[in-house]
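Single-structure report; data block below.
The values are calculated or read from the model by the stated rules, or taken from the named source; none is laboratory data. Predicted, not measured: the structure shown is a model, and the values here were computed from it. Here the Cβ is made from the backbone with ideal geometry for all residues, glycine too, and neighbour counts use every protein chain on show.
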Amino acid sequence: MAKEKKHKSHKTMEDSNTHKISKVSNAMFHTVFIIAALTCILPLMLVVMASFTDDMSLRLNGYTLFPKEFSLAAYQLVFARGEAVLSAFKNSLVISLVGTVCSTLVIAMYAYPLSRPNFRYRKIFTWLVLFTMLFSGGLVPWYIMYSQVLGLIDTLPVLIIPYLMNAWYVIIMRTFYRTTIPEEVLESAKVDGAGEFRTFFTIALPLSTAGLATVALFSMLIYWNDWYLPLIYSRSDSLDTIQNYLRRILERVEFLARMAGQLGSVTVNVRDLPSETIRMAIAVVAIGPLIFAYPFFQRYFVKGLTLGSVKG
């Protein structure tokens, strides 16, 4: 008996040793991941430090992680109109949050029937989605639809509705439904008397957390980084988004700097405008909220991967 126990313990130790990573391999993995992390972090740090650098020093010494002359001129110019910046931030947050939730729900509801093999018209609706990926109606019909037919010019919904549907995200969710949700789970819900809507909201959505988080993250990036819709459909500053506001600041600074260089103006002190560092400051201000949003979505990625499946 003691011999058998010794043999089993020896076998267990051998099995554990086979799955153990050697010190050399562990060091190599750490080195690779550290290099990959640095390639992502260092460019961001370089942009942040350049935004706090004096513009003339940046032109003379180039970009560096340790600026020789510290300056807040770029941020002072960006936040010169505090109320306008806060209003633009508020509009961007509202549009991003409402648009992300609505867009994710619309995409999830459209992709779910396409993933069901018993849906009779799935080929037609799949073709309609793929058709929009290849062909577009153009800007003029798009503008006429929202301005004259729907009458949404200079309103908040016009900055949300155009991005509610995305064909590529529908394909992603359809594939996720097919490969992640077992058909046995859906069939068991049908046997228990659950309808399609109840099956979708109580079974399909909870099992698709990772896919929903991915689509929501992509949708939020589209809404937050959008400056095109406010440029076309917005007529007042009250609906200005942070991206469009920063775009206008950058265009004005570049215009003044270019005109000062051409005219050689010395009466107007526009040469001191931080035309280079303001680009970096705008990038930092624009990506700031997204940095805080990534950990939130990361939690749902992990949660979605650990959800259960078919139980025997």
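See the values below:
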| read-out | value |
| --- | --- |
| Residues being over 27 Å from the mean Cα position of the chain (by Cα), among the aliphatic types (A, V, I, L, M) and surrounded by 15 or more Cβ atoms within 10 Å (Cβ to Cβ) - total across the stretch 43-71 | 2 |
| Condition check for GLN148: surrounded by fewer than 17 Cβ atoms within 10 Å (Cβ to Cβ) and within 30 Å of THR277 (Cβ to Cβ) | no |
| Pairs where the first residue, in the stretch 145-171, is over 11 Å from VAL106 (Cβ atoms) and the second is charged (D, E, K, R) and assigned to a loop (DSSP other than H, G, I, E, B), C-beta under 8 Å, 6+ apart | ILE153/ARG235; ASP154/ARG235; LEU159/ASP226 |
| Any helices (runs of 4 or more DSSP H) falling wholly within the stretch 134-248 and containing at least 2 residues that are over 18 Å from LEU114 (Cα atoms) and modelled with pLDDT of 85 or more | 139-144, 209-225, 228-233 |
| Single match in SER71, SER103, SER96 (criterion: touching a residue at least 60 places away in the same chain (Cβ under 8 Å), touching a Leu at 6+ places or on another chain (Cβ under 6 Å) and hydroxyl-bearing (Ser, Thr, Tyr)) | SER103 |
| Residue list for the stretch 274-292, filter: of a type in the set (Ser, Thr, Tyr) and either assigned to a helix (DSSP H, G or I) or surrounded by fewer than 16 Cβ atoms within 10 Å (Cβ to Cβ) (or both) | THR277 |
| Candidate set from the stretch 111-138 (those that are among the hydrophobic types (A, V, I, L, M, F, W, C) and in contact with a helix residue (DSSP H, G or I) (Cβ under 8 Å, 6 or more places away or on another chain)); member that is farthest from PHE176 (Cα to Cα) | MET133 |
| Test: residue in the stretch 177-187 that is in contact (Cβ under 8 Å) with a residue 40 or more places away in the chain, over 26 Å from ALA216 (Cα atoms) and either buried (at least 17 other Cβ atoms within 10 Å of the Cβ) or polar (S, T, N, Q) (or both) | no |
| Only one of SER25, SER92, SER96 that is assigned to a helix (DSSP H, G or I), among the small types (Gly, Ala, Ser) and over 22 Å from PHE218 (Cα atoms) | SER25 |
